Each structure stands twice: as C-alpha cells, then as structure tokens.
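Everything below concerns the one structure shown next.
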Amino acid sequence: MDMSKYRELFLSETREHINNLSQQVITLEQEPGNRETINALFREAHSIKGMAATMGYNNTAQLSHHLEDLLDEFRNSGDIPSATIDYLLEGIDLLDGLLDDLQADRQERSTEAFLAKQPLSVASRDGKSPERPVAVPDDKIREEPLEEPDTFQILIELEKGTPAAAARGMLILRELEKAGNLKTCKPEMAELREGSPCEQIQAWVSSFVDKAQIKETLLKISGVANVQFIGDRRKNDRRRRLAGGRTIRVRADLLDQFVNLTGELITHRNMLNRAGKNRNWDELNKALDSAGRLIDDLHHNVLQVRLMPLQSITGRLPRIVRDLSRNSGKQVALRLNGTDVGIDRVILEEITDPLIHLVRNAVDHGIEEEGVITVSAGREKGLILIEVADDGKGMDPQILRQKAVDRGLVSQAEAHSMSDRDVLMLVCKPGFSTAEEVTETSGRGVGMDVVKAAVNNLGGTLDIVSEVGAGTRFQMRLPLSVAIIKILLVSCAGHALAIPITRVQRTLDLQTSEIEVSGQHRVFRHDEEELCLYSLAEMLNLPQAATGETTWTILTEVRGRQIGLQVDGFLGQRDAFIKPTGFPLNLLTGLNGATVEGDGRVTFVIDPQSLLENTP
Amino acid sequence: MALRVMVVDDALFMRNMLKDIFVRAGYEVVAEAENGEAAPQLYQDTKPDLVTMDIVMPKKSGIEALQEIIARDPQARVVMVSALGQDSLVLEAVEAGARDFIVKPFKEEKVLETVRRIVGQD
C-alpha cells in the first residue's frame, strides 16, 4: 500500500501529540498524582505509536510504545515519581527529534541509548517486555534519503583596516573551498591575487557541512568580523516542495461557505453576462458591486483556512521555560494570553524560532531571580501583535549606550544624540551581545538581529519598550497574511510603485516651503518634531522630478525613528496579491515582491525600511 | 603531547618573544633558525607541527624558505610573520601555501588563536 500520501498528515498530527505530551508532563509535574493527566499522556503516546507503526517508522513506533508502557504502569499506580518526569521529557525530546528526521527525509535517529537506560521497573513487569517489537507492516514505504548539499550565499565581513586584506581574503576563500563547492565569489581569487581591496567577501557555496559550523570556522580566522548567510535557495525550494504535498485540516463549515460563495459567484457571472449583453449599465454596476463583495468574502474565508492558532507554536514554551529556569536557578512563571488568535501558517512558521528566542532572552537577561514572563497575542488594527513581556529589571538606555560605544557599534557622539528608543533597538544590531554573555540558552545561533530580520521580512515591525525596574516588552507586529496585503500606490520618476500599507503611518501633503535644509539632510516639522526627509527616487537611483508647491510625503518609521519619504504623487490604495520575485531579483534589498496590475503591468513592491536600513 | 613549534626569525628579540609565548601556552619550541637558508633543513630534521616564519631575512627570504619546505612537505603548517605594509609579500606567501599570517606588532592572544586554528583544522 502506498502510505506516502499520509506522510504529511502523520507529521502534523504527531507534532500536535508531542506538543500535548510535553505540556501535560509539565502539568503533571505541578500536580503530581493527577490521574486524568496520566491517562491523557498515555493516550497521546498510544496514538503516536499506532500511527508510526502504520507508517513503518520503526524507531518512532518503538519509542512511543516504550513511553506508553511506562505510562501504563503509572496509570495503575496513579503516581509518577519526579525522577521519571525528567526521563519522560527526555523521551519526548527524542520523539521530537525523530519527527524532525522524518520530516527532513532522513534516517530516524537511534533510540537505543535512551531505551537502554530506562530507570524503572517496566522491564520487570510480568508478561510484558519493553523490548517487544512493535508490529510493522512489511512493505516499507521509506526510500533512502537523497542527500543534497545545501546551497547558500554567504557574506563575510572583514574588520576595518585588516592588514594584508587580499591575503586574508584568499585564506577565507580557501577555507570555503575546503567546506564545499565554491560556486561564485566576489572578489574572485584571481582579483585577490592581484591584491584587490577586500572589505567583504560574498560567495555562493554549496556544501554538506552545517552552516553553523561553517560560520564558526570562518569566525575563528583572524580579521573576520562578521559572517552572515543571505539567501538559501534550496531551503525555499524545499519549502515550496513541501507546501505542494502538505495537507491541512479545515473546518467543515468553512468548506460549506466556500461552496455557497462559489454558487453565488456563478449566479453573478450570469447577471454580468446578461447586463453586458443588454448594455444595461445600472445592472452591470450593481452586479460588479456585489461581485466585489463576494470576492472579499472569499478572500476572507481563504485566509481563514490558512490561519492556525498561535497555540500551535506556543505549546513548547512551558517546557522551554521550565528547563531554562531550572538550569539558571531562577523562578520563572510563564503566562500565555490570547494564544487562540489565528495567524497565517507561513508567518507562524517564520516566527517560531524568533518567539522562542525572545522567551529565552527574557529568562536569561530580563528576569533576575524570580518573575513572570507573559506571551500575549491579539489583533491590533489590521495587524497581529505578539508580545513577550517580562517583569524583570528592564533595560537601562544609559548602560546600553555605553555598551554600544564599547563594542564600537556607534560613536560616543552618535550614542548621545540617539533617543532612548533608538538605543533600545541597538540590541538588534549584529555583534551587540558578545561571547561572554552568550549563555547556553540564548546563544544558539539566533540573535536579536535575526529576530528583527525575520519580522521585517514578513513585512512586520519589532519594537522594544522597556522601563528600568518595570520590565521589558518585545512587540512583534505582523501582517495578517503574506500573500495578499494592502498597498499604497505611489508614482516615482514615472513609475508606479507599491508600498505595503503596514509601512505607512500616514501620508502628508507638505508645502515645499516648509522644508528646510539642516546639515546634509532635508528636514520638516511634524507634530512638534523635526523629521528627516528622504527622496524615494534618489534612493532608487531614478531621476528626480522638479518639486512643485506640494511635496507628497509618506510618514514611515525606520530604526524606530519617524522619517518622511518623498514621492511624486499618490495613486491610491488597494489589496494586492504579492508574488515573490525570482532569482536574481530576490537578492535586491528593499524589493519585497511584485504585483500584476489589471492591465498586465508589473508593479514592484518597495519596502522603505529595509531600503533605508541598508543605505549608509 | 605538547605541540612542537619551530621559530624562524633573524631578530633574537622576536624569536625570544615568540618562544616565550609558545612556552607559556605549553608548547615545545623544538628548533629556531635565524635565516631562511637554515630553515628547510632544520624543518626536515625536526619535523615540527608548526613553523612561524619571518618574511624579510638575510641570505634567503622567508618566502623562499616556505616554498622549499612546502615542496618537500605539502602538509607543512607554516604561519608567516610580517610587518605592516608588506601586503604583497604576504599575498605571495599565502599563494605559496602559507596557512595563515600574523602581523607585527602582534598580541599574544592573536598568535595563539592563529596557531590553534591551524592546528585544530587538520
């Protein structure tokens, strides 16, 4: 029997069961002897076993079977000793790892070591041996995993003023060649041989070696200041591939609504046909009107299908906080609010690691001895707000300023002229936290810079609110959907360009006479504040139109600071279906994607934030 | 076993300084040479785990010595020691197979970091 079509369903359901398992074990730890929880745990393990055995995933089946046996024993006695809780959690972690293997099409990892050290009397029980193999159907559906190297782009920055930079660059390229296949690079080896200047190296590499490991190796080379990975073609490909065969569960009433809506759309097509034939403009307009409403409804419903509750990723948090507080000797309680809010599954996937990182950070740096971390979610205008708050000591902008200067991220003068809010955002700069602060928990690859980049990539924003003595709040504001967003159309040097509405705070018709020049910048006053004015045309290297009496300006926020963005005019706002641009256009910073107009023209979507953040 | 190092430099001052750094780190300095001419034979005789090689030396330059050492032992781990402003010489040395380079004036940390990286790799 071909089981492969059930694979996705197996993976998603099992992941849910594992999340439940881990949540219930934590509950059990807090209320030992809760028979109902033990029963629930047993059922979860039992379900996983059944599914895994059916799929022919031997190790997963055997491990869940083992856990089931263990739990069964306690089901009878009604009590689980606390030492066993750790053992159970370890087993759940292992299950999670096995599932990762299956998801990535790898061989299941070994469970022998874990099974061998079972702390309890399971083996001694009469009539049941934990080694009893689980029946597994014969026709193996798994194929040998096809190992492919990862292909990625890497950016290596050298320290300023590195001596013999070209020679340094050659050593770095040599290191990359050792790690895998060096496809293209800039500067090239030949240029370096000629002694070309070298401040950074950009290279496409395909390699079997883990990226984190490559990064670590490169960072050890003296003179290497920073290593980042820019794009990952294969990862995206794989995601697309996975998405192709992925199954999701949809509420039946939602499907009914689809049928209803489709029915009504068909009726409307007939109305439109008739009105068109009769050249009855009144009727045509009326039908167009209601067809528009139907399409809105359909859009809304389609989004609903893609929504998943935040719960699906917060399930792991209680466990993480428990482990962290245990390791750090702190007493940390976790509160979850509003986790039933629905979020587009693509967004959910992208923010899983950032969210975990924020929670880790809160335990590590926010809470001192004892405290509460609150993760809450809710709708805020057209956005989703997810907040990770702690009631710890808060961040002191004065200390951060000093630290940023010490790290060489900003000059003394810059640090003093920055607002407290800007200073808080400095923690998102790569290189802000240093090795001595990287604890076992928060130092795992993801830094605040990565969190911020992930949020920005989704078209969202990250804010930090902190008060000394009153704790810190990290706020992620995310769009409801990544595919269909509201855009503001502007004209710029004869082109129509789109800007996501989430980036627009408001539009202004400035009197050109209100604009002054201060130093190298043009500035204007808004709400008692002096704001810098940038020209979109200039940023895009397009010819600038002569300025008339009115300067059309978008108020937006970059690095936590309000700025004005000058355009040639506003063309209106609308919903747009955004498609990602393909290679090599996807390498351009500031270009978020493109949308096709009614007449077939392509309009590019510009993200002023990343455009400006990458402009010196 | 302690790491066995060979130091090549025409200045006694530099040799002693490097030697002290290595000894403090628990390495064994098995050979020293004060010019490029003696270095290849000494390398052959002592087979050290790592060589630090000054670039500008009398009789034979560090780069020539490096080339000879690499010609006989392509796996040789040679780290060049150069002064600021010798970029083209350093480039030449790296092309000739030097594993890394240290620029004078150097810090103890940097020297050891570089050595550890090179030795840790193979």
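The values are calculated or read from the model by the stated rules, or taken from the named source; none is laboratory data. Just so we're clear, the structure is a prediction, and the values are computed from it rather than from any experiment. When we count neighbours, we look across all protein chains shown, and the Cβ atoms used for this are built from the backbone with ideal geometry, even at glycine.
The table that follows gives values for the structure above.
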item: Residue in the range B:85-101 that is touching a strand residue (DSSP E or B) at 6+ places or on another chain (Cβ under 9 Å) and of a type in the set (Ser, Thr, Tyr) present; result: no
item: Residue list for the range B:38-50, filter: surrounded by fewer than 16 Cβ atoms within 10 Å (Cβ to Cβ) and of a type in the set (D, E, K, R); result: B:Asp45, B:Lys47
item: Matching residues, the range A:514-528, being in contact (Cβ under 8 Å) with a residue 12 or more places away in the chain and surrounded by fewer than 12 Cβ atoms within 10 Å (Cβ to Cβ); result: A:Ser518
item: Candidate set: the range A:552-579, residues that are of a type in the set (Lys, Arg) and closer than 20 Å to A:Val455 by Cα; chosen: the one modelled with the lowest pLDDT; result: A:Arg559
item: Residue match in the range A:538-551 (condition: modelled with pLDDT of 90 or more, outside the structural domain of A:Leu348 (by TED's automatic domain parsing) and of a type in the set (Val, Ile, Thr)); result: no
item: Residue list for the range B:101-110, filter: in a helix (DSSP H, G or I) and either among the hydrophobic types (A, V, I, L, M, F, W, C) or at the interface with another protein chain (Cβ under 8 Å from one of its Cβ atoms) (or both); result: B:Lys110
item: B:Glu113 vs. criteria within 10 Å of chain A (Cβ to nearest Cβ), more than 18 Å from A:Arg193 (Cα to Cα) and not in a loop (DSSP other than H, G, I, E, B); result: yes
item: Helices (runs of 4 or more DSSP H) within the range A:315-413 that include 2 or more residues touching a strand residue (DSSP E or B) at 6+ places or on another chain (Cβ under 7 Å); result: A:317-328, A:345-361
item: Which listed residue is touching a residue at least 12 places away in the same chain (Cβ under 8 Å) and either within 14 Å of another protein chain (Cβ to nearest Cβ) or charged (D, E, K, R) (or both), from B:Ala76, B:Ala98; result: B:Ala98
item: Residues that are in a loop (DSSP other than H, G, I, E, B), surrounded by 22 or more Cβ atoms within 10 Å (Cβ to Cβ) and not β-branched (Val, Ile, Thr), drawn from the range B:51-70; result: B:Met57
item: Meets criteria (in a helix (DSSP H, G or I), within 14 Å of chain A (Cβ to nearest Cβ) and either surrounded by 16 or more Cβ atoms within 10 Å (Cβ to Cβ) or touching a Phe, Trp or Tyr at 6+ places or on another chain (Cβ under 9 Å) (or both)) for B:Leu89; result: yes
item: First in the range A:363-381 and touching a residue at least 12 places away in the same chain (Cβ under 8 Å) and buried (at least 18 other Cβ atoms within 10 Å of the Cβ), second anywhere and of a type in the set (A, V, I, L, M, F, W, C) and not in a strand (DSSP E or B), Cβ under 6 Å, 6 or more apart; result: A:Val363/A:Leu324; A:Ile373/A:Ala362; A:Ala377/A:Leu310; A:Ala377/A:Val341
item: Selection count where residues are farther than 13 Å from A:Ser222 by Cα and more than 10 Å from chain B (Cβ to nearest Cβ), scope the range A:163-188; result: 13
item: Residue within the range B:55-64 that is among the charged types (D, E, K, R), at pLDDT 90 or above and out of contact with any strand residue (DSSP E or B) (no Cβ under 8 Å at 6 or more places or on another chain) present; result: yes
item: B:Gly26 being surrounded by 14 or more Cβ atoms within 10 Å (Cβ to Cβ), touching a residue at least 24 places away in the same chain (Cβ under 8 Å) and of a type in the set (Gly, Ala, Ser); result: no
item: Long-range neighbours under 6 Å by Cβ, at least six apart or interchain, first residue part of a helix (DSSP H, G or I) within the range A:22-45, second among the acidic types (Asp, Glu) and at pLDDT 85 or above; result: A:Ala45/A:Glu68
